[in-house]
Every structure is written in C-alpha cells, then in structure tokens.
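Please treat every number below as a calculation from the coordinates, not as lab data. These numbers were taken from a predicted model, which means no experiment stands behind them. All Cβ positions, even for glycine, are placed from backbone atoms using ideal geometry, and neighbour counts span all protein chains on display.
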Amino acid sequence: MNLNDYAVVAQGLTKRFGDFTAVDHIDFSVPRGVIFGFLGPNGSGKTTTIRMLLGLLAPTEGTAHVLDYDIARGVPLELKRRIGYMSQKFTLYNDLTVDENLNFYGRTYGLSNDRLRARKRTIVEMAGLAGRERELTKNLAGGWKQRLALGTAIVHEPELLFLDEPTAGVDPLSRRAFWNLLYRLADEGTTIFVTTHYMDEAEHCQQLAFIHNGRIVAQGTPADIKDTNMQGQVLEVDCDAPDRAIAVLRRLQADGLPLVEIALYGAQVHIVAEGVGAMVPAIDVALQAEGIQVYSLAVIPPSLEDVFISSVRDRNS
C-alpha cells in the first residue's frame with residue numbers, strides 16, 4: 001500500500017480504558033479526495049477513533065497514519081494546519097457574531113489581512129450566511145449554526161476534514177443543505193471523514209466502514225457492502241397496521257417459518273430471509289387472516305440499514 005494515495009490508514013488500531021475496549025483492532029483506509037463515512041450506533045467507538053486520529057488520545061495498540069504522519073509519534077503543528085475538525089458538541093462562541101467567530105478561528109490558524117477576508121467571503125457565500133455576518137451566533141437556528149461551525153473548520157482550507165456527528169439534532173432540510181456543502185468541498189478536493197449514525201447519510205458517502213462494539217463489521221463502497229455483506233433477501237410489507245403485522249410475523253417465525261429478521265422500517269415492515277420470495281403467499285394469507293389490509297409485498301434491494309443489521313447479527317451469532 002502506498003501511503004501517499006491515502007489520507008488515513010489505520011492498522012490494528014485499539015483503545016482500552018482499563019478493562020473496557022472501546023476500539024478493538026480495527027483496520028481501514030481512506031483514499032484521498034473521497035467522502036468516507038464511519039457509521040455505527042452511539043457508543044460503538046466512532047468518537048474514540050476520531051480522537052485517536054486527531055492525536056487527542058494515544059492508541060493502546062496499532063498504528064494510524066494521517067496525511068502520511070504516524071500519529072503514535074504525536075501530531076506536529078504542520079499536520080494540524082492541514083486538517084480541520086468539527087466536533088459533536090457545538091464549540092463556537094455564542095456571544096460573538098458570525099464574523100467575529102470566523103475572525104477568531106481564522107487568526108487561530110494563522111490567517112490575516114487579505115487572505116482572511118477572502119476566506120470569510122467564500123465561507124459566508126458557501127454557507128448561505130450573507131447578511132447574517134453581524135448576527136450573534138446564539139441567535140442562529142440550529143442548521144445555520146452547523147453551517148457556521150463547518151465554516152470555522154475549513155477557514156484555513158484543510159486537506160482533510162474530520163466531522164464527528166455533524167448533523168445530530170438537526171432537522172432533515174438542514175441536514176440536506178449541510179450535505180450539499182460537503183459535496184461541494186469534496187468536489188474541490190477535500191477529503192472528508194464523517195461519523196454518523198444516520199444510515200440514510202451513508203448513501204451519500206463514496207467509502208464506508210461500519211463499526212459496532214468497537215469492531216469493523218463491514219467496509220467498502222455502499223454498493224459493494226450491499227452486494228457482499230447482506231445475508232438473505234429483503235421483503236418489504238406495506239400494510240395499514242405495521243405494528244400488528246410484526247406481531248403476526250413473529251408468530252409465524254415461532255411456528256417455524258424461517259424468517260431471520262423482522263423490523264419496522266419507516267411505515268413499512270422489512271423481513272429478511274433466504275428465499276423470502278417463496279414465502280410471500282403464506283405471509284399474505286396470515287396477515288389478511290388477522291384483518292390487516294396488505295397494499296404490497298415486494299422483494300426489494302437491501303438498504304444500508306438492512307445490511308448493517310445483517311452484519312451485526314452475523315458477527316454476534
């Protein structure tokens with residue numbers, strides 16, 4: 001492997017806190033110029049990993065290279081100038097205006113005069129904050145705060161941007177606007193390492209790694225993960241009473257129908273099983289016998305959420 005082709009390379013990366021292993025011998029690599037999604041539920045090890053990559057935590061075992069630097073040897077000032085970081089917790093100064101926050105972070109990274117003014121203009125335009133420069137940050141809505149936080153993280157034009165749960169608690173429209181900004185940054189050549197527990201956001205990433213209980217359970221492109229990590233087919237049940245349908249399906253499962261997974265997915269029910277298409281008649285009869293109106297029963301391609309559940313189930317079995 002040529003490290004120059006990758007923004008991040010982790011090998012056997014491990015972090016223990018006493019007897020608790022938060023990150024357990026994980027291997028992954030992030031090609032330069034991609035949006036890399038690091039997905040997993042809360043408590044799975046995402047933030048611990050990102051803190052090791054930033055040099056904020058020392059690994060217990062293993063190695064990681066960030067922009068060719070071995071983080072076990074520390075994070076030199078030169079590397080800090082080449083990376084950006086947006087944490088889970090909102091870290092801007094609420095009593096400063098938009099412009100004052102950009103000034104503060106820009107000067108922290110060594111920007112001044114014409115370059116700082118040019119970067120502020122670019123960020124304000126990119127984030128849609130024109131006309132809000134003198135507004136106190138505490139008065140901004142959540143989505144605008146997130147865009148400003150992103151702006152302060154990229155004010156110095158980093159090569160590699162770390163985003164830790166950047167859209168947590170933000171409404172769907174603001175999430176979409178935020179991701180549009182990430183696409184623009186990626187198109188301009190920035191490598192983006194983003195942690196999230198939103199499976200729909202994973203579809204926007206070019207490379208993914210799923211982490212669960214500190215271990216990588218799947219990685220690759222979204223298409224590759226769906227092709228290689230899904231065990232069984234997915235049957236989507238669209239009906240008028242999904243909660244009652246789940247109860248009926250679990251009775252069928254208990255009676256011997258080999259359904260591997262039954263879960264609510266939005267307003268529909270997803271069933272995972274090998275050869276599930278052949279089970280459609282029996283499922284249809286059972287649901288309608290309970291007075292449930294079935295609109296459709298269709299075998300569909302798996303979502304990344306289906307694949308994640310399948311990968312975790314296989315690892316725990």
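Brief remarks on what is shown
- Under the Karplus curve 6.51 cos²θ - 1.76 cosθ + 1.60, θ = phi - 60°, whole-Hz ³J(HN,Hα) for region 179-196, x wherever Gly or Pro sits: 5, 4, 5, 5, 4, 5, 5, 5, 4, 8, x, 6, 7, 10, 10, 10, 9, 7
- Contour minus Cα-Cα distance for Ile246 and Asn139 (0.36 nm per residue): 34.1 nm
- For region 98-212, average projected area of the Cα convex hull in nm²: 7.6
- All other residues whose Cβ lies under 12 angstrom from that of Phe162 are scored, Lys and Arg at +1 and Asp and Glu at -1, for a net of +1.
- With a Cα cut-off of under 25 Å and a minimum spacing of 8 residues unless on different chains, the lysine pairs in the chain number 15.
- Counted charge near Val248, where neighbours are those whose Cβ lies closer than 14 Å (Asp, Glu -1; Lys, Arg +1): -2
- Val234 long-range amide H proximity, modeled H, under 5 Å: Ile300
- For Leu136, no residue whose modelled amide H falls within less than 5 Å of its own remains once neighbours fewer than 5 places apart on the same chain are excluded.
- Calculated [θ] (222 nm, deg cm²/dmol) that DSSP helices of n ≥ 4 give over the chain, each run adding -39,500 (n - 2.57): -10500 deg cm²/dmol
- The chain, relative contact order [Cα under 8 Å, separation at least 6], %: 19
- When Phe28, Phe20, Phe162 are sorted by how many other C-beta atoms sit within 10 angstrom of their C-beta, beginning with the fewest, the order is Phe20, Phe28, Phe162.
- Percent antiparallel among DSSP beta bridges (both partners in the chain, rounded to 5): 65
- Per-residue 3J(HN,Hα) values for region 101-118, derived from phi via the Karplus relation 6.51 cos²θ - 1.76 cosθ + 1.60 with θ = phi - 60°, read 5, 5, 4, 4, 5, x, 5, 4, 8, x, 7, 7, 6, 4, 5, 5, 4, 5 Hz in sequence order (x marks Gly and Pro).
- Cα-based Rg of region 1-92 normalised by 2.2 N^0.38 Å, two decimals: 1.07
- Rg over Rh [alpha-carbon atoms, Kirkwood Rh] for region 1-43: 1.06
- Estimated Rh, region 231-301: Kirkwood, alpha-carbon pairs, angstrom: 11.7
- Over the chain: Rg over Rh, Cα atoms, Kirkwood Rh: 1.05
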